[in-house]
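Dumping the structure here so I can ask a few things about it.
Bear in mind these aren't lab numbers, they're just calculated from the coordinates by the rules spelled out. Just so it is clear, the structure is predicted and the values come from calculations on it, not from any experiment. Virtual Cβ from ideal backbone geometry, glycine too; neighbours counted across all protein chains shown.
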Amino acid sequence: MARHFDNEDLGTVLDRVADLLAAQEADAFRVRAWRNAAGSVRRAPEPVERLFAEAGHEGLERLPGVGRSIAGALAELLTTGRLGMLDRLEGQVSPEDLLATVPGIGAELAARIHGTLHVETLEDLELAAHDGRLATVAGFGERRVRGVQETLAGMLGRSTRRRLHERARGAPPAPEPPIELLLAVDAEYRARAEAGELPRITPRRFNPTGEAWLPVMHLDRDGWSFTALFSNTARAHELGATRDWVVLYFERDGREAQCTVVTEHRGALGGRRVVRGREGECRAYFLPDLELATPAPKRHRR
């Protein structure tokens, strides 16, 4: 355990998430879910910390009003001492910050993992620890990799073991929002940010003046819960892309992941919004327009 949390401590963190979601105009049902879970944790007849130690993620889901998503948040908090979602809501988080919450991974190793493997979530870090990629990062010997596996196993339950088994059977990966939905959320976020319609948070990174400049949008659409933010990473600042790159966090059925949407500057997709890592799907999505925009080849007379 990263530190001791009694039930009141845990309830306070969940209430803080609910407060920030409400202040940032998230869906009222989502706010109420976090608020109800906070009350349930406070009323639990035994220490939730002990319940987690004895029964893991599944034990947390036995608490009234605590579904997979909030159980995952509690597990992360109890394992690492921090909650990535809360950091994000407060404008503090970056992929490196999130990776550094894992015991045994400091800021330097977190930056190395992100720079080498482009891992941005704890679930993907666990997968990298199991499939051999983490062992290729400088500073990760067999003992440290095993420690990461054991730490994240309790926090993320059976998610990675299930994904590895599915991969071995050739099963398709877990579903992600379709390209058209991601691009629609991206477009809505940028339009509302430009119009000044969104609440703004004060990021702690790269913000020496303490300006509340970062618009945040929470949206529930087609069964997915989204949080959209402009990228506040070192690379985005270096390239002057903080008003172009949009990070979309999405969650459904307790599984959270993220992607980055950018403006493509090269090739057939130049000038269009593209989801990093899913460029092929974006090309297929835009294909009818691209075909219309491509002039027919000239025929040579014989």
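Mind ordering 196-204, 6-14 by average Cβ neighbours within 10 Å, highest first? Don't skip to the end; give the middle numbers.
Details: 196-204: 15.4, 6-14: 17.9.
My ranking of the peptides, most packed first, is 6-14, 196-204.
Another question about this same structure. I need the peptides 130-143, 61-74 ranked by packing, meaning the mean over residues of other C-beta atoms within 10 angstrom, with the highest value on top.
Ranking the peptides 130-143, 61-74 by packing returns 61-74, 130-143.
List the extent of the Cα atoms of region 179-293 along each of their three principal axes, largest first, rounded to whole Å.
47, 35, 26 Å, listed from the longest principal axis down.
Could you sort the peptides 265-278, 27-40 by per-residue average Cβ neighbour count (10 Å cutoff), highest mean leading?
Most protected by this proxy first, the peptides run 27-40, 265-278.
Under a Cβ-only charge scheme (Lys and Arg +1, Asp and Glu -1), can you give me the dipole magnitude of region 1-158 about the Cα centre, in debye to the nearest 20?
200 debye
Give me the net charge for the shell around ARG62: Cβ to Cβ below 15 angstrom, other residues only, Lys and Arg +1, Asp and Glu -1.
Details: positive: ARG43, ARG50, ARG68; negative: GLU46, GLU49, GLU54, GLU58, GLU61.
So the surrounding residues net to -2.
Looking at region 66-132, I'd like the Rg to Rh ratio, where Rg is from alpha-carbon atoms and Rh is Kirkwood's inverse mean 1/r.
Value, to two decimals: 0.97.
How compact is region 7-167 by the rule of thumb for globular proteins, expressed as Cα Rg over 2.2 N^0.38 Å?
Output field value: 1.07.
Which one of ALA212, HIS237, LEU117 is farthest out on the positive end of the charge dipole of the chain, using unit charges on Cβ (Lys, Arg +1; Asp, Glu -1) and the Cα centre as origin?
The residue sitting farthest along the positive end of the dipole is LEU117.
Here's something else I'd like to know. Tell me the label-point distance for the pair GLU8, HIS265, using the 7 Å Cα-to-Cβ offset, in nm and rounded to one decimal.
5.4 nm
Sticking with this structure for a sec: Expressed as a whole percent, how much of the Cα-Cα distance distribution for the chain exceeds 24 Å?
57 percent
For the pair ALA257 and TRP213, how long in nm is the line joining their label points, each one 7 Å along Cα→Cβ?
Reported label-point gap for ALA257 and TRP213 is 3.2 nm.
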